[in-house]
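Okay, so here's the structure we're looking at.
The values are calculated or read from the model by the stated rules, or taken from the named source; none is laboratory data. Treat the numbers as computed from the prediction; the structure is a model and nothing was measured. Quick reminder, even Gly has a Cβ in these numbers, built from the backbone with ideal geometry, and neighbours come from all protein chains shown.
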Amino acid sequence: MSSTNELNQRLNEAQQILGALGETDVDLGGITTYRVGGKTALFVKASSERDLQKIAEVRRRTGLPVLVIGKGSNLLVADQGFPGITVALGKEFESMEIDTGGGRIHVGGNAALPVVARKTVAEGLAGFEWAVGVPGSIGGAVRMNAGGHGGDMAASVESVRIFDLEKSAYEIRVLSELAFGYRQSRIQPSEIVLGATLKLAFGERSAGEELLTEIVQWRRENQPGGQNAGSVFVNPDGESAGSLIEKLGLKGLRVGSASVSNKHANFFQVDPGGSANDVNELMNKVAHRVYVEAGVSLKTEIQRVGF
């Protein structure tokens, strides 16, 4: 944007197109699990595919940047906020349809991972238990190939349905087209995952419930609560990021309101009423220390916006 006036003109045009669909100056910190960060100029919760088409029209006509978010569990927004349109899917995209006989579940992009994990176990399906402790959405999990406890999205995704804001078009992509890698996929920032079909194994409900309990218990014992967004850095080859950080004695390291967890070194916590910029500075400081002292370049797993 060349000036504040130009930005305001584009925001006004966007608001006119969106009408009641667009909310102004929404606090993004309240949506993320870090619970810090600034406001978005416009916020849209899409309840239908028509809403998505309207958002695509706004993007095309105004050129405003668009941020697509899920449950906010892997996101850090700068204190100064986001000068564009933030898009989230509504409850209409939380549907779950299970084909038990075929071992498949068709699930909406905004469905919560723990809910899906428990539902699949209840239906006698196995392979998605790992997701019970991940506070994200199906869409966000597909985008980054989320995983844990020996499983990930790549192991169960059969196909996904996507809406491309840039093309204002829908598309079905199968597993081979997603190019899943460790905590990454080919899905672009302008693309919204509306839903996915997962192919799971058949299993005993009792065994699945036992595994769910074990995973939840492990997370409680080994990972901190409070205001955090899970793993900060992607694990490099050969050693976990948490182990590297801990070996350098960085547990408890603090920058303002943000600190490295004493319970798990790859989790950063922020005090109530704290600053997103403190968290970002801590991330940069830890990454620099690891690079200088261990010779390892850490890649951030958290999506950072506005820094």
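Numbers for the structure displayed
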{"quantity": "Selection from the range 34-51 of residues that are surrounded by fewer than 19 Cβ atoms within 10 Å (Cβ to Cβ) and either among the aliphatic types (A, V, I, L, M) or in a loop (DSSP other than H, G, I, E, B) (or both)", "calculated": "SER47, SER48"}
{"quantity": "Given (1) among the basic types (Lys, Arg); (2) closer than 30 Å to GLY30 by Cα; (3) not in a strand (DSSP E or B), number of the condition LYS167 does not satisfy", "calculated": "(2)"}
{"quantity": "Selected residue [within 20 Å of the chain's Cα centre (by Cα) and farther than 21 Å from GLN303 by Cβ] from ARG161, ARG183, ARG254", "calculated": "ARG161"}
{"quantity": "Qualifying residue in the range 185-205 (condition: outside the structural domain of ILE98 (by TED's automatic domain parsing), under 28 Å from LEU89 (Cα atoms) and in contact with an Asp or Glu (Cβ under 8 Å, 6 or more places away or on another chain))", "calculated": "no"}
{"quantity": "Filter result for LYS45 (of a type outside the set (Phe, Trp, Tyr), in contact with a Gly (Cβ under 9 Å, 6 or more places away or on another chain) and farther than 11 Å from LEU21 by Cβ)", "calculated": "no"}
{"quantity": "Filter pass, LEU198 being in contact with a helix residue (DSSP H, G or I) (Cβ under 9 Å, 6 or more places away or on another chain), outside any loop (DSSP other than H, G, I, E, B) and closer than 21 Å to ALA154 by Cα", "calculated": "yes"}
{"quantity": "Residues of the range 170-195 satisfying the condition of being of a type outside the set (A, V, I, L, M), touching a residue at least 24 places away in the same chain (Cβ under 8 Å) and part of a loop (DSSP other than H, G, I, E, B)", "calculated": "PHE180, TYR182, ARG183, SER185, GLN188, PRO189, SER190"}
{"quantity": "Test for VAL58: is it assigned to a helix (DSSP H, G or I), surrounded by fewer than 22 Cβ atoms within 10 Å (Cβ to Cβ), free of Cβ contacts under 8 Å to residues at least 60 places away in the same chain and over 12 Å from the mean Cα position of the chain (by Cα)", "calculated": "no"}
{"quantity": "Qualifying residues in the range 201-217 (those that are in a helix (DSSP H, G or I) and in contact (Cβ under 8 Å) with a residue 24 or more places away in the chain) - the one surrounded by the most Cβ atoms within 10 Å (Cβ to Cβ)", "calculated": "GLY208"}
{"quantity": "Residue check for GLY81: of a type in the set (Gly, Ala, Ser), in contact with a strand residue (DSSP E or B) (Cβ under 7 Å, 6 or more places away or on another chain), touching a residue at least 60 places away in the same chain (Cβ under 8 Å) and within 16 Å of ASN110 (Cα to Cα)", "calculated": "no"}
